[in-house]
Amino acid sequence: MTHTVQVMVRQTCGSCARVVEQITPVVAAAAAVLETVDVDESDELALEYGDRVPVIVIDGEEFACWEVDNDELAAELGISRG
């Protein structure tokens, strides 16, 4: 199964870019799809996520908010790191 990893972001969020950069190698190693979603492009998403960005969503389920542990992400995506 190919997982889809979405990162809910805002253009004004400095840590959003850092988190995307941090998890990109893990997502690639899992052969998963990585998408960034600007919550400000949708009133519904802006209301849902507010200032809680970055938020990591895997296959439609919220996985993490603000900080992500790469080992936990790898385990969730079904790969072993080291």
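See the values below:
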read-out: Antiparallel bridges, percent of DSSP beta bridges restricted to the chain (to nearest 5); value: 55 percent
read-out: Spatial separation of Cα centroids for the stretch 54-82 and the stretch 1-34, in angstrom; value: 9 Å
read-out: Estimated 222 nm signal from helices in the chain, with DSSP H stretches of n ≥ 4 weighted -39500 (n - 2.57), rounded to 500; value: -10500 deg cm²/dmol
read-out: For the chain, cysteines whose Cβ has no other cysteine Cβ within reach (under 4.7 Å); value: CYS65
read-out: Point-to-point label distance, ASP51-GLU21, nm (Cα→Cβ direction, 7 Å offset); value: 2.4 nm
read-out: Gyration tensor (alpha-carbon) shape descriptor, the stretch 1-60, a/c threshold 1.5; value: oblate
read-out: The chain - percent relative contact order, Cα under 8 Å, separation 6 or more; value: 38 percent
read-out: Crossing angle, helix 14-29 versus the chain [Cα axis fit, 0-90 degrees, rounded to tens]; value: 30 degrees
read-out: Carbon/sulfur fraction of accessible area - the chain, other protein chains in place, 1.4 Å, %; value: 47 percent
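The values are calculated or read from the model by the stated rules, or taken from the named source; none is laboratory data. No experiment lies behind these values; they were computed from the predicted model shown. In this analysis, Cβ positions are derived from the backbone assuming ideal geometry, glycine residues included, and neighbour counts consider all displayed protein chains. In case anyone asks, the SASA skips ligands and DNA or RNA and just uses the protein heavy atoms, side chains included. Shrake-Rupley method; radii C 1.70, N 1.55, O 1.52, S 1.80 Å.
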